[in-house]
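Structure, as structure tokens:
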Amino acid sequence: MLEVEHLQLALNGKSIIDDLTVHVSKGEIHGILGENGTGKTTIAYLIMGVNNYKPTGGRMIFEGQDIADLSVSQRAKKGISLAWQEPARIEGLKVEDYLRLSGKNSGIESVRRYLQMVGLEPSQYLDRDIDGTLSGGERKRIELASVLAMQPKLAILDEPDSGIDIISLPFIMNGIIEMNKQGSSVLLITHNERVVDIAHKVSVLCAGKIIRTGEPAETSLWFKDNCRACVHINEPVEEG
Amino acid sequence: MISYSVEKEYQEMVDAYEKAGGDKSALLGEDIARLVIHENKVLGTDEAEGIKIETEETETGVNVYLLVEEGVKIKRPVHLCFGVLPQEGLQEIILKVNAQDNSEVNVIAHCIFPNAIKVIHKMDADIEIGNNARFDYTETHYHGEFGGIEVIPKARIKVGEGGVWQSAFTLKQGLVGKLDYDFEVFCQDKGVAELVVKVYGKGHDDIKVWEKIHLNGAGARGLAKSRLVLSDKATAEVKGETYGNAPHARGHVDCIELVNGEEALAKAIPIVSVTNGKAKVTHEAAIGSIDRRQVETLMARGLDEDEAVDVIVRGILR
């Protein structure tokens, strides 16, 4: 479904993404594990095409088409969407309207269901604005609900667990599983090895490069042992 | 009661209001207190129990006296409709309001100027809100696409002890033309004032908004809030002033102006002042272009860029 091949991004002469290759298959939850500053959010931005990020090398093929020159809207219309690590607040835009526009005018019953999937009681949220009156956790759950409403072919979830309290986390995880059951492939980007337990495959990111891909349990353990206490400060080293 | 001689003119006002997107049942329904004025002519007045409306036509407009009797809570909104339908004209409304103690009313004013090329609409209001009375006032303008209108609403509002004044002025349909909005509120003990202005400036619109709140009584509270979006060559200057002059008075000035385009110009001047050590007044003002992250968030859901901007603009002016 998505083939990212030898992707590169350099900003102001500095390499941010370095020869990154990752494949996401149809129906797959593919976890990307990386410590802070390894380029996780940059990958999400490059694939979605936001923040004026354009690759300086490599290819991003989605369902057979190179998407590098497509606008954000065009990529979304092809079936790619992004849940931001820190979702925007939009004054005056009600939760109901946000979910409806995400789901191409989904009916109210669908909107209610998506909120329930992320553990939010519809009657308490439908009429609220997605502005600063929502807590960070509430906003992230609504962001996930909006991606659920959109039912994209590929959902890019950038740190869906960051800033989430321990009570909210199971709802986020449930939302991701439901998203996958609905038919969306998921690129699950996180620094938390426990979150990728639900993935089918996991890649480890270091200094803008995928350095290992494998089964979740084994790869998470490797990440924990090798990256949690990184001694080479984001400079990939050869496995030995 | 609508007299036969003005029935046609009344219908024209209702039609213009409906064409502009208004709900005409507000002007035609029964058991609703209302006042309809075209230029300097009173086309219809209906009172409801506990509310008295007196009018006096002048050469250039109408003097209006509105009384809400003590202790009366008016259940259904009172509708005021002001308009000038020809391309040229002058309408000066002198409004005096007395909402007596413990009364409650919700007044909705519809201002209709669909064809204005050279029209001036002035409102000069003196409003007294009694002790523990509540007055909600919404003024919505429906302008045409010519921009040849000057709107000058000025009001001085005195809010008694425990009284509440809440007003919302909205002008987002059609070209603004020239707007000079000036509302000033004086609150006594535990009085509450909330002024909200929402304007969408386009073309060569020239917008001035001045909101002033004097928190003169202990525990008085005030909010001066403005939301403006400016496109094309529209210009705006917003002054939000709040004065905390009594113990435990709390006030806030909240101004956001979004500039959508290269040539629009926005200016915000928040003024906060405290003359009592136990008062607290805060302000926030933000001027900037439409947030890229917000636009891209909506684009990532499949909206085109223009659609995304439209959703954001409608949200901020909602």
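What to note about this one:
- Annotation: B:Ala224 fulfils all but one of (1) under 21 Å from B:Trp165 (Cα atoms); (2) more than 14 Å from chain A (Cβ to nearest Cβ); (3) assigned to a loop (DSSP other than H, G, I, E, B); the unmet one is (3).
- Scope the stretch B:27-60; condition in contact (Cβ under 8 Å) with a residue 40 or more places away in the chain, more than 26 Å from B:Val119 (Cβ to Cβ) and part of a loop (DSSP other than H, G, I, E, B); matching residues: B:Asp31, B:Ile32, B:Ala33, B:Gly50
- Residue ID - farthest from the other protein chains (Cβ to nearest Cβ), chosen from residues in the stretch A:64-86 that are polar (S, T, N, Q) and crowded, with 17+ Cβ neighbours inside 10 Å: A:Gln85
- Criterion (part of a loop (DSSP other than H, G, I, E, B) and either under 16 Å from B:Lys158 (Cβ atoms) or within 14 Å of chain A (Cβ to nearest Cβ) (or both)) met by exactly one of B:Lys212, B:Lys190: B:Lys190
- Remark: A:Ser220 falls outside the filter, which requires a residue to be closer than 16 Å to A:Ala44 by Cβ and either in contact (Cβ under 8 Å) with a residue 60 or more places away in the chain or surrounded by 17 or more Cβ atoms within 10 Å (Cβ to Cβ) (or both).
- Among all residues of the stretch A:87-102, there is at least one that is surrounded by fewer than 18 Cβ atoms within 10 Å (Cβ to Cβ), touching a residue at least 40 places away in the same chain (Cβ under 8 Å) and within 12 Å of A:Glu143 (Cα to Cα).
- When residues of the stretch A:103-112 are limited to those that are polar (S, T, N, Q) and surrounded by fewer than 18 Cβ atoms within 10 Å (Cβ to Cβ), the one farthest from A:Met179 (Cα to Cα): A:Asn105
- Residue list for the stretch B:260-307, filter: of a type outside the set (A, V, I, L, M, F, W, C), under 30 Å from B:Leu215 (Cβ atoms) and either within 14 Å of chain A (Cβ to nearest Cβ) or part of a loop (DSSP other than H, G, I, E, B) (or both): B:Thr275, B:Asn276, B:Gly277, B:Lys278, B:Glu284, B:Gly288
- Hey, A:Glu138 within 9 Å of chain B (Cβ to nearest Cβ) and either among the charged types (D, E, K, R) or part of a strand (DSSP E or B) (or both) or not: no
- Against the conditions (1) at pLDDT below 95; (2) in contact with a helix residue (DSSP H, G or I) (Cβ under 7 Å, 6 or more places away or on another chain); (3) of a type in the set (A, V, I, L, M), A:Ile108 satisfies every one except (2).
- Positions within the stretch A:4-28 being in a strand (DSSP E or B), over 17 Å from the mean Cα position of the chain (by Cα) and not hydrophobic (A, V, I, L, M, F, W, C), in sequence order: A:Glu5, A:His6, A:Gln8, A:Lys14, A:Ser15, A:Asp18, A:Asp19
- Listed conditions (1) within 21 Å of the chain's Cα centre (by Cα); (2) at pLDDT below 95; (3) within 27 Å of B:Ile129 (Cβ to Cβ); (4) not in a helix (DSSP H, G or I) are all met by B:Asn63, apart from (2).
- Selection count, the stretch A:69-109, where residues are of a type in the set (Val, Ile, Thr) and within 19 Å of the chain's Cα centre (by Cα): 2
- Qualifying residue in the stretch B:308-317 (condition: in contact (Cβ under 8 Å) with a residue 40 or more places away in the chain, assigned to a loop (DSSP other than H, G, I, E, B) and either within 14 Å of chain A (Cβ to nearest Cβ) or under 19 Å from the mean Cα position of the chain (by Cα) (or both)): yes
- Residue check for B:Ala286: of a type in the set (A, V, I, L, M) and in contact with a Ser or Thr (Cβ under 8 Å, 6 or more places away or on another chain): no
Per-residue answers, yes or no, for (1) more than 26 Å from A:Glu3 (Cα to Cα); (2) buried (at least 21 other Cβ atoms within 10 Å of the Cβ):
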site: A:Leu126; (1), (2): yes, no
site: A:Thr133; (1), (2): yes, no
site: A:Gly137; (1), (2): yes, no
site: A:Asp158; (1), (2): no, yes
site: A:Asp165; (1), (2): yes, no
site: A:Ser168; (1), (2): yes, no
site: A:Met173; (1), (2): no, no
site: A:Lys181; (1), (2): no, no
site: A:Glu193; (1), (2): no, yes
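- Residues within the stretch B:236-274 that are within 19 Å of the chain's Cα centre (by Cα) and free of Cβ contacts under 8 Å to residues at least 60 places away in the same chain, tallied: 13
- A Cβ distance below 8 Å, combined with a sequence gap of six or more or placement on separate chains, defines the contacts here; from the stretch A:116-144, residues that are among the aromatic types (Phe, Trp, Tyr) reach residues that are surrounded by 15 or more Cβ atoms within 10 Å (Cβ to Cβ) in the pairs A:Tyr125/A:Val95; A:Tyr125/A:Leu115; A:Tyr125/A:Glu138; A:Tyr125/A:Ile142.
The values are calculated or read from the model by the stated rules, or taken from the named source; none is laboratory data. Predicted model, so just to flag it, every value in this text is computed and none were measured. In this analysis, Cβ positions are derived from the backbone assuming ideal geometry, glycine residues included, and neighbour counts consider all displayed protein chains.
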